[in-house]
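Down below is the structure, laid out as structure tokens.
No lab work stands behind these numbers, since they all come straight from the coordinates. Note that this is a predicted model, so its numbers are computed, not measured. Every residue, glycine as well, gets a Cβ built from its backbone with ideal geometry; the counts of neighbours run over all protein chains shown.
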Amino acid sequence: MNGWRDKTDFKTRVLEWAAKLGVKTQSLAVRPMRNKWASCSTAGHLNFNAQLLELEREVGEYVIVHELLHFSVPNHGKLWKSLMRAHLGDYERLDERLQRSAEAGENFHVAGGNMDPALKKRRGAGRPSHGSTRHASNSSFSPDSMDASA
């Protein structure tokens, strides 16, 4: 697997994409996040789920670009989709790979130990759960925030 070496490798790539997209960041963290892949605020704060480090670089870059574009486009409308396509090409394929990985529970777990099997089944094999997405002032990228109809 062509993955990330460590947090520094991942953060370096975030900053490279931020520069390319003209995004000014105030803070950048890679930390455990139970319910989402990433989040950002209009103040320039970025947080990425530490479990992204276990995924292929290409999938991680999809999450990076997805989140950074929310600094200029707060929703998943036509403009956002057009920018995703311009920067990553077939980004829908990357989203599908991210979804499959989460649904299979390959790289995700609940902090603090193993998930109860019944709960795991209800939540989708350890997949981060649905969360409110606040794009007006803050953005959260959860696995289900990519709606084809948006």
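Please give, to one decimal in nm, the separation of the simple spin-label points placed at Arg100 and Ala29, each 7 Å out from Cα toward the Cβ.
In this crude label model, Arg100 to Ala29 measures out at 3.3 nm.
Over all distinct alpha-carbon pairs, what is the Kirkwood Rh of segment 1-110 in angstrom? Walk me through the numbers on the way to the answer.
Details: mean 1/r = 0.0707 Å⁻¹.
Radius from the Kirkwood sum: 14.1 Å.
Which value, in nm² and rounded to one decimal, describes the direction-averaged projected area of the C-alpha convex hull of segment 44-105?
One quarter of the hull surface, i.e. the mean projection, equals 4.4 nm².
In segment 1-110, what % of DSSP beta bridges are antiparallel (nearest 5)? Working shown, then result.
On the way: 4 of 9 bridges.
The antiparallel proportion sits near 45 percent.
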